[in-house]
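For reference, the structure discussed in these notes is given below.
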Amino acid sequence: MNVVGYVSLAIVFVAAALTVWRAVLPVSVADRSVAIDALTAMISGGLLIGAALRADALLVDLALVFGLVGFLATVTVARFIERRGS
Amino acid sequence: MSTAVDVATSALMLVGALLSLIAAIGLHRLGDVLSRMHAATKPATLGIVCCAGAATLQLADLSDVTKLAVAVVLQLVTAPVGAHMLARAVRGRPTLAADE
């Protein structure tokens, strides 16, 4: 289980790096928001994988907080786009 | 018994990680904002559920499992709301929906 867990963490890391790259590329605000939303979900998933790997309950709290922060970020940017146009 | 739990945990962790990778590839390859949103919501729902299932199998304490359930329910409720607000903001705006 340890080996599979670390391989999974490596896969999540690669996915997060690709997503950060997507957010940094010159794209529209909505694209960046979608990428950052996916990024918070990936970080949350990685934290939960870490919680399973080390049987550590602290990481579950962190995943919970990350999920809420990602939601707030998406909603804030969506409101901003709706008002300002771009 | 313990081996079976470990195998199930490994499978769930791997599925969650692969969903993240699929979403990252989809963010780069798909054509417009709404298609990319479709790819990006995979790890936000199914990926989180798989990873939380893996953590549930390894954490025996009931309070930890309750926290995991709360995390999953919050994610399942908030992900569609956020995606809906973003899609509504983008809809009908060709400058935002176009690629680059």
Quiz item: Can you tell me which of B:ASP32, B:ASP61 is surrounded by fewer than 20 Cβ atoms within 10 Å (Cβ to Cβ) and either in contact with a strand residue (DSSP E or B) (Cβ under 6 Å, 6 or more places away or on another chain) or touching a residue at least 40 places away in the same chain (Cβ under 8 Å) (or both)?
Solution: B:ASP32
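Is there a residue being under 15 Å from A:LEU47 (Cα atoms) and touching a residue at least 24 places away in the same chain (Cβ under 8 Å) anywhere in region B:78-100?
no
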Quiz item: What residue, of A:ASP61, A:ASP37, is acidic (Asp, Glu), within 8 Å of chain B (Cβ to nearest Cβ) and surrounded by 16 or more Cβ atoms within 10 Å (Cβ to Cβ)?
Solution: A:ASP37
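Readers should treat all values here as calculations from the given coordinates under stated rules, not as data from a laboratory. Treat the numbers as computed from the prediction; the structure is a model and nothing was measured. Here the Cβ is made from the backbone with ideal geometry for all residues, glycine too, and neighbour counts use every protein chain on show.
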